[in-house]
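Report on one structure; see the data block that follows.
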Amino acid sequence: MMVWHGTGRWLQALFLVAVATGLGAAPRDEAEPAKVWVFVGTYTDGKSKGIYRMTLDTASGKLSEPTLAAELDNPSFLAVHPTRKYLYAVNETSGGGAVTAFALDPDTGALTRLNRQSSGGDSPCHLVVDASGKNVLVANYGSGSVAVLPIGNDGALAPASDVIQHAGRVFDPARQGGPHAHSVNLDRANRFAVVADLGLDRLFVYKFDPEHGKLTPNDPPSLKLKDRSGPRHFAFHPDGKHAYLINEIDCTVTALNYDPERGVLTALQTLPTMPVAVEPRHSTAEVVVHPSGKFLYGSNRGHDSVASYAIAPATGRLTLLAYTPTGGKTPRNFAIDPTGSTLLAENQSSDTIVVFHINPATGALDATGQVVAIPSPCCVKFVPIPE
C-alpha cells in the first residue's frame with residue numbers, strides 16, 4: 001500500500017502495535033556509536049563558506065547546531081577514509097576542478113587541510129575512497145571523465161594515476177550535451193568501479209587495481225539505460241548481488257542484478273520516483289539503501305520529496321511504499337546514520353537540513369520537528385565519535 005507521509009501522529013499507534021507484536025526496534029549493537037560527527041558539504045556561491053560540522057545523538061536523534069569546519073570553495077561532495085583519519089572534498093569548479101584532502105581528528109571533529117590536487121577534469125561532483133584506503137576515485141561532471149588520485153601515508157593526495165575520458169552517443173544534445181560522469185562507486189570486493197554517466201545514459205564498469213591506481217574497461221564495458229533517462233547516483237545493496245540507480249531526467253529508479261565475480265550489471269526493474277507526470281522543473285538526486293537492506297530511498301527535486309521502497313530479500317525487486325515531503329526545497333542529497341534510525345534530508349534551495357525518524361519495521365519516515373539551518377547543503381557524511 002502506497003501512502004503519503006508527513007510528520008504524522010500514526011507512530012504512537014504503530015508503536016503500540018509493535019510492542020504487542022514484537023516488532024519494536026532491534027536491540028542496540030554495542031559496536032554502534034552513541035554519537036557521530038556529521039559533516040556537510042555545500043555550494044559556496046551564496047552564504048556558505050565551506051564544510052560544516054554537527055553532532056548527531058543516534059539514540060535520541062538529536063542534531064546539534066552547525067559550526068564551520070573548513071573554508072573551501074564548492075565542497076559539494078565529501079568522502080571519508082576507511083581509517084576515519086582523513087576527509088576528502090571535491091571542489092566543484094569549471095575550468096579545472098580539484099579535490100582537497102583534510103586530516104580529521106575523530107575526537108574533536110577538527111579538519112586540518114593537507115593539500116589539493118587536480119581532479120583530472122572539470123566540475124567534479126562525486127568521489128569515493130577505495131576500501132584499501134590507497135586511492136580517491138572522482139567523477140568529473142563537466143568533462144565527463146573519471147580519475148584516480150593516490151593517497152599517501154599521511155593522507156595527502158598525489159596527482160592522478162589514471163584518467164578515463166568518456167565518449168559516445170548523446171540522445172538529447174540540448175539536455176544532455178555530452179558525457180557527464182555523475183558518480184563513482186566501488187563494489188564490496190573493491191574489484192570493480194561503477195560510473196554513472198548522465199549524458200550517455202550508461203553505467204560504465206571498470207576493473208579496479210588499487211595497488212597501482214588504475215581503471216580498465218570491463219567486459220562488457222557498460223550497461224546502456226533508457227535514452228534520456230539520465231543515470232545519476234548508484235548504490236550497492238549490502239548483499240553484494242543487487243544495486244540501485246536513480247535516473248535524474250526521467251525521474252525513475254532502476255533495480256539491477258550484479259554479478260560480483262564478473263562485474264556485470266543487468267537491469268531488473270524500473271519504477272517512477274514521483275506520483276505525478278515529470279515536468280522540466282523535476283529531477284532526482286540521491287539514492288540510498290537502508291543499512292538493513294530492507295528499504296530503498298530516493299530524493300525528488302521540484303517535487304521535494306523522498307520516495308521509499310521495500311526491497312524483496314530474494315530478488316532485490318522494489319515495491320513502492322510512500323512519498324514523504326522533505327519540508328523544504330530541492331532535496332539534493334540525504335543520508336542515513338550508521339544505526340539506520342535517522343535520515344537527514346538536505347534542502348539546498350531552502351538552506352535547511354530536516355531530521356526524520358526511520359521506522360525499523362516499515363521503513364516509514366516521520367519528521368521529528370528538528371530543522372537545522374545550513375546554507376546550500378548538498379552532501380552529508382557521518383563519522384563515529386570515539387567513546
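Would you list Ile385, Ile353, Ile164 from fewest to most Cβ contacts within 10 Å?
Working: Ile385 17, Ile353 28, Ile164 21.
Fewest-to-most Cβ neighbours within 10 Å comes out as Ile385, Ile164, Ile353.
Charging the Cβ of each Asp and Glu at -1 and of each Lys and Arg at +1, and nothing else, the dipole of the chain about its Cα centre rounds to 420 debye. Projecting label points 7 angstrom from Cα along Cα→Cβ for Lys224 and Thr266 puts them 1.8 nm apart. Cross-link partners of Lys62 among aspartates and glutamates, defined as those whose alpha carbon lies under 17 angstrom from its own and excluding same-chain residues fewer than eight positions apart: Glu32, Asp337, Glu346, Asp366.
Estimated at 0.36 nm per residue, the fully extended path between Arg317 and Asp105 surpasses their Cα-Cα distance by 72.3 nm.
Expressed as a fraction of 2.2 N^0.38 Å, the rule-of-thumb size for a compact globular protein of N residues, what is the C-alpha radius of gyration of region 333-387?
Numbers: Rg = 11.8 Å, N = 55, 2.2 N^0.38 = 10.1 Å.
Cα Rg divided by the expected 2.2 N^0.38 Å: 1.17.
Across region 49-54, rounded Karplus estimates of 3J(HN,Hα) from the backbone phi angles (6.51 cos²θ - 1.76 cosθ + 1.60, θ = phi - 60°) give 10, x, 9, 10, 10, 9 Hz, Gly and Pro being marked x. Compared with the alpha-carbon gap, the fully stretched path from Arg113 to Lys329 is longer by 74.6 nm at 0.36 nm per residue. Once C-alpha pairs closer than 8 Å and six or more residues apart are averaged by separation and normalised to the residue number of region 113-153, the relative contact order reads 36 percent.
In region 146-264, inverting the average of 1/r over every pair of distinct C-alpha atoms gives 14.8 Å as the Kirkwood radius.
By how many nm would the segment from Gln370 to Thr55 lengthen if fully extended, with 0.36 nm per residue of separation less the alpha-carbon distance? Could you put the intermediate results ahead of the total?
Details: separation 315, 0.36 × 315 = 113.40 nm, distance 1.33 nm.
Contour length minus the Cα-Cα distance gives 112.1 nm.
Relative contact order for the chain: what percent, with Cα pairs under 8 Å and sequence separation of 6 or more? With pairs under 8 Å counted, the relative contact order is 14 percent.
Phi-derived couplings, Karplus 6.51 cos²θ - 1.76 cosθ + 1.60 at θ = phi - 60°, listed residue by residue for region 90-99: 6, 10, 7, 10, 8, x, x, x, 8, 10 Hz, with x used for Gly and Pro. Setting aside same-chain residues fewer than 8 positions from Lys224, which lysines have a Cα under 25 Å from its Cα? Once the sequence-local lysines are set aside, what remains near Lys224 is Lys207, Lys214, Lys241. Spin-label model, Arg188/Arg84: points 7 Å from Cα along the beta carbon direction are separated by 2.2 nm.
Can you sort Thr93, Thr83, Thr352, Thr342 so the residue with the fewest Cβ neighbours within 10 Å comes first? If you can, show how the numbers build up before the last one.
Values: Thr93 16, Thr83 11, Thr352 20, Thr342 27.
The order, fewest Cβ neighbours first, is Thr83, Thr93, Thr352, Thr342.
Averaging the sequence gap over all C-alpha pairs within less than 8 Å and six or more residues apart, then dividing by the number of residues, gives region 286-387 a relative contact order of 20 percent. Above 21 Å, the calculated P(r) of region 295-387 contains 30 percent of its Cα-Cα pairs. Build a GNM of the chain with springs between Cα atoms under 10 Å: which of His166, His303, His237 gets the top mean-square fluctuation? Among His166, His303, His237, the largest GNM mean-square fluctuation belongs to His166. For Lys47, the lysines whose Cα falls under 19 Å of its own Cα, not counting residues fewer than eight places away in the same chain, are Lys329. Counting neighbouring beta carbons within 10 Å and listing from fewest to most, the residues Asp337, Asp107, Asp209, Asp351 come out as Asp107, Asp209, Asp351, Asp337.
Enter the mean projected area of the convex hull around the alpha-carbon atoms of region 239-369, in nm², rounded to one decimal.
Numbers: hull surface 31.4 nm².
Value for region 239-369: 7.9 nm².
What value, in deg cm²/dmol to 500, does the helix sum -39500 (n - 2.57) over DSSP H runs of n ≥ 4 give at 222 nm once divided by the residues of the chain?
Calculated from helices alone, the mean residue ellipticity at 222 nm is -1000 deg cm²/dmol.
On the principal axes of its alpha-carbon atoms, the chain has extents of 57, 45, 40 Å, going from largest to smallest. For the residues Glu261, Glu92, Glu248, a GNM of the chain with alpha-carbon springs under 10 Å puts the largest fluctuation on Glu261.
With the simple model of a label 7 Å out from the Cα in the direction of the Cβ, Glu71 to Ala174 spans 4.3 nm.
For Cys378, the residues 5 or more places off, or on other chains, whose built amide H falls under 5 Å of its own are Gly41, Thr42, Tyr43.
Each value in this text was obtained by applying a stated rule to the coordinates, not by laboratory testing. Being a predicted model, the structure only gives us computed values, none of them experimental. Every residue, glycine as well, gets a Cβ built from its backbone with ideal geometry; the counts of neighbours run over all protein chains shown.
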